[in-house]
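Novice: Can you read through this structure? Questions will come right after.
The values are calculated or read from the model by the stated rules, or taken from the named source; none is laboratory data. Since we're looking at a predicted model, the values are computed, not measured. Positions of Cβ are generated from backbone atoms using ideal geometry, with glycine treated the same way; all protein chains shown enter the neighbour counts. We work out accessible area using only protein heavy atoms, side chains counted, and drop any ligands, DNA or RNA first. Shrake-Rupley method; radii C 1.70, N 1.55, O 1.52, S 1.80 Å.
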Amino acid sequence: MEIQREILPESYLLILTDEENSLLDQETLALALRSAVRSGKPSIWVDCSQLHRLPAPTISLLVGYYRRLQQRNVQLVLCHLDDSLQHAFSQTSAATQVPVVPTLLDADLYCHAHLAGAPRASA
């Protein structure tokens, strides 16, 4: 499993990739998410275009980060999910559904719309 990181002007991008015969490693993802949070960026985008599956514990990890980041007014947005991944995330409760958008441009638009006027919480 590999995670590429890209620090953008107003967001932190994580690009998740499946390696052959490997599932997304939860510990590696948790470390990448912690780095993204420490970056101080107002949004974290997770590009799943190169993923085909996510185990339930990894989905729970992303949902947990989503809830914690909401308290800090930091947006966590998933993009480029295939149909099976979208379905897996739609099975979570409505209160904890991580936003899913089709493209990185949509992630940018979503974050600008939801962060406009929201006060930043201190870490």
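Novice: What's log10 of I(q)/I(0) for the chain at q = 0.10, 0.12 Å⁻¹, Debye sum over Cα points only, no solvent?
Specialist: -0.27, -0.39
Novice: Separate question: Please sort by residue number the GluC sites (Glu not before Pro) in the range 1-110 whose DSSP state is loop and whose Cβ has at most 15 other Cβ atoms within 10 Å. The partial results should precede the final answer.
Specialist: Working: sites: E2, E6, E10, E19, E20, E27; in loops: E10, E19, E20.
Those that pass, being in a loop and sparsely packed, are E10, E19, E20.
Novice: Note down the net charge around D106, summing +1 for each Lys or Arg and -1 for each Asp or Glu among other residues with Cβ under 15 Å from its Cβ. Numbers along the way, then the final one.
Specialist: Numbers: positive: none; negative: E10, D47, D108.
Charge balance in the 15 Å sphere: -3.
Novice: Could you list which residues have their amide H under 5 Å from that of E2, counting only those 5 or more apart in sequence or on another chain, with H placed in the peptide plane?
Specialist: T17, E19
Novice: A further question follows. Between A30 and A56, 0.36 nm times their residue separation minus their Cα-Cα distance comes to what? Walk me through the numbers before you get to the answer.
Specialist: On the way: separation 26, 0.36 × 26 = 9.36 nm, distance 1.44 nm.
Once the chain is fully extended between A30 and A56, it gains 7.9 nm.
Novice: Could you provide, to the nearest whole Å², the per residue accessible area of the chain with probe 1.4 Å? Provide the component values of the computation, followed by the final result.
Specialist: Values: 6580 Å² over 123 residues.
It amounts to 54 Å² per residue over the chain.
Novice: Can you give me the angle between helix 26-38 and the longest principal axis of the chain, using Cα atoms only, in degrees from 0 to 90, rounded to the nearest 10?
Specialist: Relative to the chain, helix 26-38 is tipped by roughly 20 degrees.
Novice: Using just the helices of the chain, give the 222 nm mean residue ellipticity in deg cm²/dmol: DSSP H runs with n ≥ 4 each add -39,500 (n - 2.57), and the total is spread over all residues, rounded to 500. Can you show the working numbers first?
Specialist: Details: 4 runs with 49 residues, N = 123.
Result for the chain, helices only: -12500 deg cm²/dmol.
Novice: Relative to the first principal axis of the alpha-carbon coordinates of the chain, what is the inclination of helix 56-71, with its axis defined by its Cα atoms, in degrees from 0 to 90 and to the nearest 10?
Specialist: Helix 56-71 sits at roughly 0 degrees to that axis.
Novice: Mind running the shape call on the range 65-111? Use the C-alpha gyration tensor, a ≥ b ≥ c as the square roots of the eigenvalues: rounded below 1.5 for a/c, prolate if a/b tops b/c, oblate otherwise.
Specialist: Numbers: a/c = 2.72, a/b = 1.12, b/c = 2.42.
Cα axes put the range 65-111 in the oblate bin.
Novice: When only Cα pairs under 8 Å and 6 or more residues apart are kept, what is the percent relative contact order across the chain?
Specialist: Details: 192 pairs, mean separation 28.0, N = 123.
Relative CO of the chain lands at 23 percent.
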